[in-house]
């Protein structure tokens, strides 16, 4: 009985002490509007400039419903995973959510839920970690939006994503991702739009058993203006930038 009481006290104390720890961690991570944080990976960025925000319309088609919501990508001060820190803001409409999802995905104070990840912009590449929280965790098993620079039509490359914790049934799996620049359209001012296609499959090498096919459009002034994911289970997610 004595040991059971001690164990119960430990559990209670741990639970009560974790809440402020998580709150403080979130406060440190969310550096939006901070002026005392250095952003060493943003100094030479042309697109991902600190404070800039990009707005997207999202259409997510699941097997039994379609969700329409707004998503914002904001560049915030600091760095994350040796890159530019970006914050995704998910503006969900309660009309499209279950009762349980409303509790998890809707914030009645800020009117959005957020997650933070990294992006990389330099002379060799432009790479976004996509939003992979709330209803969009499935994007972890798809090709990520990226382009190698300088842009060359027909250029093909591949990467392997080792999925760690936080993605449920997908944890501890490997995903092979392949992308190709299908076309490049140049403007009079030398800016361009590149159209990219790609696919992903389980494992370390290319396979015919695809998980997801993607269509991306990269604008050299705006970044990725289209990110369309078509999964082989007949679900999809399409993000279109509002210019």
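Of note:
- Subset of the range 143-161 [within 20 Å of residue 81 (Cα to Cα) and in a loop (DSSP other than H, G, I, E, B)]: 143, 144, 145
- Search result, residues across the range 111-142 that are in a loop (DSSP other than H, G, I, E, B) and within 29 Å of residue 46 (Cβ to Cβ): 112, 122, 123, 124, 129, 130, 131, 132, 133, 142
- The sole residue among 161, 79 that is under 19 Å from residue 178 (Cα atoms) and touching a strand residue (DSSP E or B) at 6+ places or on another chain (Cβ under 6 Å) is 161.
- Of the strands (runs of 3 or more DSSP E) lying entirely inside the range 21-110, the ones with 2 or more residues being without any contact (Cβ under 8 Å) to a residue 60 or more places away in the chain and surrounded by fewer than 18 Cβ atoms within 10 Å (Cβ to Cβ) are found at 66-79.
- Residue, nearest to residue 129 (Cα to Cα), within the range 146-174, restricted to residues that are at pLDDT below 95 and surrounded by 14 or more Cβ atoms within 10 Å (Cβ to Cβ): 161
- Filtered by the rule that a residue be surrounded by fewer than 17 Cβ atoms within 10 Å (Cβ to Cβ) and in contact with a helix residue (DSSP H, G or I) (Cβ under 7 Å, 6 or more places away or on another chain), the range 199-220 gives no residues.
- Taken residue by residue, the range 92-102 has at least one member that is in contact with a strand residue (DSSP E or B) (Cβ under 8 Å, 6 or more places away or on another chain), in the same structural domain as residue 212 (by TED's automatic domain parsing) and modelled with pLDDT of 95 or more.
The values are calculated or read from the model by the stated rules, or taken from the named source; none is laboratory data. Just so it is clear, the model here is predicted, and its values are computed rather than measured. FYI the Cβ positions are ideal-geometry reconstructions off the backbone, even for glycines, and counts take in every protein chain you see.
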